[in-house]
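Nothing in this text is a laboratory measurement; each read-out follows from the coordinates by a stated rule. Remember, predicted model here, so these are calculated numbers, not experimental data. Virtual Cβ from ideal backbone geometry, glycine too; neighbours counted across all protein chains shown.
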Amino acid sequence: MSVVETQPPLPADVSALRTGIWSTTATQDQDGVLNIGGVPVTEIAERYGTPAYVFDEADFRMRCTTYREAFHDFDIYYASKAFLTRTSARIAKETGLSLDVCTEGELAYAKAVDFPPERVLMHGNNKSEAELAAALEYGVGRIVVDSREELDRLEALLPSFPNSRPGVLLRVTVGVRADTHAHIATAHEDQKFGFSLVSGEAEEAVRRVVDNGLLELRGLHSHIGSQILTTQGFEAAAKRLVGLRAKLAEDGIDLPELDLGGGFGIAYTSEDQPTPAAEMADILRTAVAKECAQLGVSVPRLAIEPGRAIAGPSGATLYRVGTVKHREGIRTFVAVDGGMSDNVRTALYAATYTVQLAGRVSDAAPTLVRVVGKHCDAGDVVVRDDHLPADVRAGDLIAVPGTGAYCRSLAHNYNQIPRPPVIAVLEGRAREIVRRETVADLMGLDVG
Ligand SMILES: *Cc1c(COP(=O)(O)O)cnc(C)c1O
């Protein structure tokens, strides 16, 4: 047995951009320099330093529009936690999407770009009273309630906000185990979210809200998990939710809306085959309509909450190589100037990424590499297994695609490393939309 457990396929040309994983404007010029949004990454590195998140604005806008068109008869809430800046919130607003926020902090971004309150939905399994009050104050259109305590809190707060009457959805744990990493599977019984369907808790919650008559109950919600590449889980969840709706309809309880959550997967490697948005829309629409017809109930207004599928492919992370260690017969360790603090997904979810030499040409043969960071932790891995030209060396720029979702938003300061900036690129111009954190920023928090 080889010491190396997993080996990705050897690329036909290690210098060429691999298909399906880069944002749409990514190209390579004749000097081998990666360009995104018409800007050479060498220029980004020089102007803003590394590591840096590069945000392809046109790509993000295009994905918002693609979802808008594919799911034209759905409400589409962009799950802002995937990647939230004022720019991304503004583009979601401009392209007609709605916005899913789950904390007061995320709500602040909606406010900052004047996101129409009726198009904002608030999530969260443990919203504080202050957060619920902030949502009511802003007049959000939907609140997804996750627990009995939250129903109490919301009902108690409502009289203080006579002008706010949000539609309420109840989050249901449908008992489907999504085909994804355990930390991002969210609809089986043994996890923290929602009202359980099998135990009857969900039905009981619906009846309680209806009996109290204080909240405007609009429907049910389910989010089965994240980075899901197959459609069966969504269909199974839809079926179970329609089943519950039908049972409630027998007692005259009409729930006009059904929110199927997010979780649509993207390609992190050329082997990943995500279902295209239009196909996904068809599958969900058909599954719900079929089940409703069978059970003789009306077809609800559908909603989805894509986050990763919109933001993920729009982002790439640019790093500079600092050290290269050739471990004979094992692999080459390429250490960069960032790491698990700017991309914790590899350590947290065993996420798979690829890497590209980004600042020059090389005709060297491919060699197996692991891209690691500069943190004091052996789990500090950015790209577990991929190939780079064997002459990769200190000073090289390398880029990791598909880091637009859950990288900047999960970034942290382990080892007191300041978080990288977000550089938006569009039509040949780069601008910093989130500035680089500094050691002074970090020291400023320590008021002891
Ligand atoms: C995280 C989350 C989403 C978005 O998930 P993606 O995988 O980014 O599409 C949508 N809805 C809820 C409730 C979530 O928690």
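Can you compute the FRET efficiency between Lys192 and Val361 using 1/(1 + (r/R0)^6), with r the Cβ-Cβ distance and R0 = 45 Å? Round to the nearest 0.05.
Once the sixth-power term is evaluated, E becomes 0.35.
Given a 10 angstrom Cα cut-off, can you work out which residue in Asp13, Asp146, Asp211 is the most mobile in a GNM of the chain?
Maximum fluctuation in the GNM of the chain, among the listed residues, is at Asp211.
Just grab the label-to-label distance for Glu279 and Phe333, each label 7 Å out from Cα along the Cβ direction, in nm (one decimal).
With each label point 7 Å from Cα toward Cβ, the separation is 4.1 nm.
Under a plain spin-label model, where a point goes 7 Å from the Cα along Cα-to-Cβ, how far apart in nm are Val447 and Arg207?
5.0 nm
Using a 7 Å offset from Cα along Cα-Cβ at Lys325, what residues in the range 348-381 end up with backbone N under 20 Å from the label point?
Output list for this probe position: 367-381.
Listed here are the pairs Lys325/Lys374; Lys111/Lys192; Lys192/Lys290; which of them are more than 20 Å apart at the Cα?
Lys111/Lys192; Lys192/Lys290
Rounded to the nearest 500 deg cm²/dmol, what is the calculated helix-only ellipticity per residue at 222 nm for the chain, with -39500 (n - 2.57) per DSSP H run of length n ≥ 4?
-8500 deg cm²/dmol
If you restrict to DSSP beta bridges whose two residues both lie in the range 166-228, what percentage is antiparallel, to the nearest 5?
That works out to approximately 10 percent antiparallel.
What FRET efficiency comes out for Leu10 versus Leu348 if R0 is 30 angstrom and r is the Cβ-Cβ distance? Round to the nearest 0.05.
The calculated FRET efficiency here is 0.60.
How large are Rg and Dmax for the range 57-312 when only the alpha carbon atoms are used, in Å?
17.2, 53
So, with +1 on the Cβ of K and R and -1 on the Cβ of D and E, and no other charges, what is the size of the charge dipole of the range 57-312 about its Cα centre, to the nearest 20 debye?
300 debye
Tell me, what is the percent relative contact order of the chain, built from C-alpha pairs under 8 Å that lie six or more residues apart?
Relative contact order comes out at 21 percent.
Nearest 10 degrees, 0 to 90: what angle lies between the long axis of helix 148-157 and the longest principal axis of the chain (Cα atoms)?
70 degrees
How many percent of DSSP beta bridges within the chain run antiparallel, rounded to 5?
50 percent
Using a Gaussian network model of the chain whose springs link C-alpha atoms within less than 10 Å, name the residue from Thr19, Thr66, Thr95 with the highest mean-square fluctuation.
Thr19
Report the charge-dipole magnitude of the chain in Debye, nearest 20, computed about the Cα centre from +1 at each Lys and Arg Cβ and -1 at each Asp and Glu Cβ.
400 debye
Counting only DSSP beta bridges with both residues in the range 57-312, tell me the antiparallel percent, nearest 5.
About 5 percent, rounded to the nearest 5.
Non-local amide H neighbours of Gln28 (under 5 Å, H modeled in plane, Pro and chain starts lacking H): which ones?
Asn35
Can you tell me what the convex hull of the Cα atoms of the range 215-293 projects to on average, as an area in nm²?
5.9 nm²
Rounded to the nearest 10 degrees, what's the angle between the helix 201-212 long axis and the longest principal axis of the chain, both from Cα atoms, 0 to 90?
Rounded to the nearest ten degrees, it is 50.
For the range 20-69 and the range 374-448, what is the separation of their Cα centres, given in Å?
15 Å
Using only the Cα atoms of the chain, each taken as one equal point scatterer with no solvent, compute I(q) by the Debye sum, divide by I(0), and report log10 of the ratio at q = 0.09 Å⁻¹.
Values, matching the q order: -0.61.
Pairs of Cα atoms under 8 Å, at least six residues apart: use those to get the relative contact order of the range 57-312, whole percent.
It rounds to 20 percent for the range 57-312.
Picking from Ile36, Ile417, Ile21, which is most flexible by a Gaussian network model of the chain using Cα springs under 10 Å?
Ile417
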